[in-house]
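Nothing in this text is a laboratory measurement; each read-out follows from the coordinates by a stated rule. What you see is a predicted model, and the numbers here were worked out from it, not measured in a lab. Note that we place each Cβ from the backbone using ideal geometry, even for glycine, and neighbour counts take in every protein chain shown.
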Amino acid sequence: MIPLPPDLDPIPARLLARALGVKAGSLAKASHRGRGPTGRFLLADNAAAYPRASVETWLRDREAGAPARLEAARARAAKAREAKRRAA
């Protein structure tokens, strides 16, 4: 096994997924699609991890974008209500 660099400070993917309330596979897909933390690497055949710095940056960016996502969701809901009202 190749030793990890000491500054990597990995967070196991399963632990991170549990903390976020998602499945580890969903977290892996999000990362692969550019919507999750970067730098995912394999510890073993069935265990992955993310560099702590990457996770912290991703969480900070995610939190900063939350108001915009909430506003977009409200706009979509209002549009759906309006379409439903027109159809009735």
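Matching residues to (1) free of Cβ contacts under 8 Å to residues at least 40 places away in the same chain; (2) within 20 Å of Ile11 (Cβ to Cβ); (3) more than 14 Å from the chain's Cα centre (by Cα):
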residue	(1), (2), (3)
Ala28	yes, yes, no
Ser31	yes, yes, no
Ala48	yes, yes, yes
Trp58	yes, yes, no
Arg62	yes, yes, no
Ala68	yes, no, yes
Glu82	yes, no, yes
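Each row is one residue, and each column tells you yes or no for (1) surrounded by 14 or more Cβ atoms within 10 Å (Cβ to Cβ); (2) of a type in the set (Lys, Arg).
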site	(1), (2)
Ser31	yes, no
Arg40	yes, yes
Arg76	no, yes
Ala83	no, no
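Residue by residue through the range 37-46, note down the ones that are closer than 16 Å to Asp9 by Cα and part of a loop (DSSP other than H, G, I, E, B). If the condition is that a residue be closer than 16 Å to Asp9 by Cα and part of a loop (DSSP other than H, G, I, E, B), then Pro37, Thr38, Gly39, Arg40 are the ones that fit.
Condition test on Gly34, is it touching a strand residue (DSSP E or B) at 6+ places or on another chain (Cβ under 8 Å) and in a loop (DSSP other than H, G, I, E, B)? Here the answer is no, as Gly34 does not meet what is asked.
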